[in-house]
Structure formats: structure tokens, C-alpha cells
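Chemist: The following block contains the structure, expressed as C-alpha cells.
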Amino acid sequence: MKINIFGSTGNIGTKTLLIIKNNFPFIKINLLLANKNYKKLLIQIKLFKPKYVCLNDNTKLSLLKKKLLNYKTKIISSCEINDYLYKSKTELTILAISGYNSLNYLEAIFFNTNNLGIVSKECIVSAGQFLKKLAKKNNTKIFPLDSEHYSLNYLFSNKNFQYNNIYLTASGGPFLNYNLKSLKKVTFNQSIQHPKWKMGYKNSVDSATLANKCLELIEAHYLFGIPYDKLKIIIHPEAVVHSIVDCKNLTSIMNYFYTDMFIPIYNFFNSIF
């Protein structure tokens, strides 16, 4: 069984590779795509021996090629990657590219893969309706891996219930309980110190401003067809409950797990096997 990982040098991509190494050694690393961190990509090539790699930053491509002279790994240029995807098939794909760059590969990825684990907020927010159509057209199963949407996916796939509201939880970020005067003095280094999650700069800052939670609300709307007026946000600093379903039978269902992306990624693979 083969896997393509888009965003292999980021936090999610790195954790995914370690999970495969330690728990699913029969999964073969087919393609690793990174943005510009060729040094980390090179380390991954040496450790995991992918069949193909792609580096978006063409200015670093020559440096990568020199280092790969004695390796069997083939380099696909960023302008060729979609052609490759349309001509091949893989059972598994992780899409963990931060920002809107993931849209460049979206249609080709759906054509290429059977099972897509997705951690790209901007991709879902900006192309939600298109994404669902692509999944249906190509018979691709979508597995949301953000903790809130992973928990909702788990609840909805195991229960048939009617609900009043869906609550997404938010830790409140590093500036919870700050007053307006204090907020005017915060620094970038403070904003990336998330109290519960280890994330990249962009997601950390978005979490500090709570913009991240707004994106997640839109994601939930597109992924599960939940009307916006049924989606609520609740502050939960402990960050162990990730979503709450307020059912019409006057009970509530919630998903509780610790703040480690190992859990949704591991269970993505586990659900397939």
C-alpha cells in the first residue's frame, strides 16, 4: 500500500512519517512534497526512501539534486506534479499544506487517491463545495484530521441522531483572559506559545487571535453539511473535549482525547486497515 504526503516537512507530515514507521511499516512512502525545506526533506529521503519527491522552491532544487546522486529517489518538479498524479494511483494521501497552495493540487489529488486525510483549513474553507463534488466524482473518502472535525467525523460515523446544535471547542489560546490594554502589548513570540498544541507559526497566530476557530466553523459546515445557525463555539481551556453534539433527545455526546495529532492520524490509518 502506497502513500503520498503533501507537506512532509511540516509538523503533521513529520508526525505522519513517524507513525507509519512505528505502527504501519507495510505502508510504502511513494511521494513526499515539501515547500522549501530541502534539508529536512533530504533527511526524510534518507530515512524513508520515498520513490518520488517534489520541492516547490525551484531555487533549492539544484541543491537537492546534488545530494541525491546516490539515491534511487526520483525528483518531480513542481510544474510536473499534477501530470504525475493524473497518471498514477495511490491508496492513501495526507494533505497537510498550510495556506492556499494546496489548491494547486486538489483536483489531481482527488483523482489520484482513494483515501484522503486532510489538515488544510484554507483548502476546505475556500473550496468546500468543490471539494465534496470531487470526492463524489472520484469516489474518494475524506478523513478530516483537525481535532474538532476528526471528533465530529467519529461521532457522525457511529451514531444516527438528530441534533439541536454542534459545539466546537476553543482553548482560548495564549491570551485568554487578557484585557484590551494587555493585548496591545503582546509580541509575536508570545502569540506562538499555544498552551496546548504544538503547531506551525501560522496556525499558532491564528489560534491566538481565534481566527483559526472561525475557519474551523466554516470547515464543519462544508464537511458535514451543518447549517451555520447550528454551529456554536465554546471556550474550553483544557482542550480535551473537541466537539459536543447537543442532541434533540436532551442528551449531549462529546469526544474526549488528549492534544496530540498522533490520535487522529493513527486512527485514520487504523480505520482503513
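Chemist: Roughly how many whole Å is it from the C-alpha centroid of the stretch 87-138 to that of the stretch 168-207?
Modeler: Here the answer is 29 Å between Cα centres.
Chemist: Can you give the angle from 0 to 90° between the axis of helix 147-158 and the longest principal axis of the chain, with both taken from C-alpha atoms, to the nearest 10?
Modeler: 80 degrees
Chemist: Between the helical axis of 211-224 and the dominant principal axis of the chain, each derived from Cα atoms, what acute angle in degrees is found, rounded to the nearest 10?
Modeler: Helix 211-224 and the main axis of the chain meet at about 80 degrees.
Chemist: What is the set of long-range amide H partners of HIS242 at a cut-off below 5 Å, with H atoms built 1.01 Å from backbone N?
Modeler: Here the answer is ASN255, PHE257, since their amide H atoms fall under 5 Å of that of HIS242.
Chemist: May I ask what percent, to the nearest 5, of DSSP beta bridges between residues of the chain are antiparallel?
Modeler: Antiparallel bridges make up about 25 percent of those DSSP assigns within the chain.
Chemist: Can you tell me the dipole magnitude for the chain around its Cα centre, using point charges on the Cβ only (Lys, Arg +1; Asp, Glu -1), in Debye to the nearest 20?
Modeler: Working: 35 positive and 15 negative charges, 221 e Å.
Here the size comes out at about 1060 debye.
Chemist: Further question: For the chain, take the longest principal axis of its alpha carbons; what is the angle in degrees between that and the long axis of helix 262-272, to the nearest 10 within 0 to 90?
Modeler: Around 70 degrees separate the two axes.
Chemist: Compare the Cα positions of MET261, ASN249, LEU223 along the charge dipole of the chain (+1 at Cβ of Lys, Arg; -1 at Cβ of Asp, Glu; about the Cα centre) and return the one farthest towards the positive end.
Modeler: MET261
Chemist: Within the stretch 148-273, what percent of beta bridges assigned by DSSP are antiparallel, to the nearest 5? Don't jump to the answer; show the numbers that get you there.
Modeler: Numbers: 10 of 15 bridges.
Around 65 percent of the beta bridges assigned by DSSP in the stretch 148-273 are antiparallel ones.
Chemist: Step through the residues of the stretch 120-127 one at a time and calculate ³J(HN,Hα) from phi using the Karplus curve (6.51 cos²θ - 1.76 cosθ + 1.60, θ = phi - 60°), rounding each to whole Hz and writing x for Gly and Pro.
Modeler: Karplus-based 3J(HN,Hα) across the stretch 120-127 equals 10, 4, 4, 4, 5, 5, 8, 9 Hz.
Chemist: Can you find, among ILE166, LEU42, PHE130, the residue farthest towards the positive end of the dipole of the chain? Put +1 on the C-beta of Lys and Arg, -1 on that of Asp and Glu.
Modeler: Result: LEU42, furthest along the dipole toward the positive end.
Chemist: In the neighborhood of GLU80, defined by Cβ-to-Cβ distances under 12 Å, what is the net charge if each Lys or Arg adds +1 and each Asp or Glu adds -1?
Modeler: On the way: positive: LYS74, LYS87; negative: ASP83.
Spelling it out: positives minus negatives among the neighbours equals +1.
Chemist: Expressed in whole Å with the largest first, what are the equivalent ellipsoid semi-axes of the stretch 99-203 derived from the C-alpha gyration tensor as the square root of 5 times each eigenvalue?
Modeler: Listed largest to smallest, the semi-axes of the stretch 99-203 are 32, 20, 11 Å.
Chemist: For LEU176, list long-range residues whose amide hydrogen, built 1.01 Å from N in the peptide plane, is under 5 Å from its own amide hydrogen.
Modeler: When sequence neighbours closer than 5 places are left aside, there are no close amide H contacts.
Chemist: Considering only the other residues whose Cβ falls under 12 Å of the Cβ of VAL240, what net charge follows from Lys and Arg at +1 and Asp and Glu at -1?
Modeler: -1
None of the figures in this text is laboratory data; all of them are computed from the coordinates on show. Only a predicted model underlies this, so the values are computations on that prediction, with no experimental measurement involved. Glycine gets a Cβ as well: all are built from the backbone with ideal geometry, and neighbour counts include every protein chain shown.
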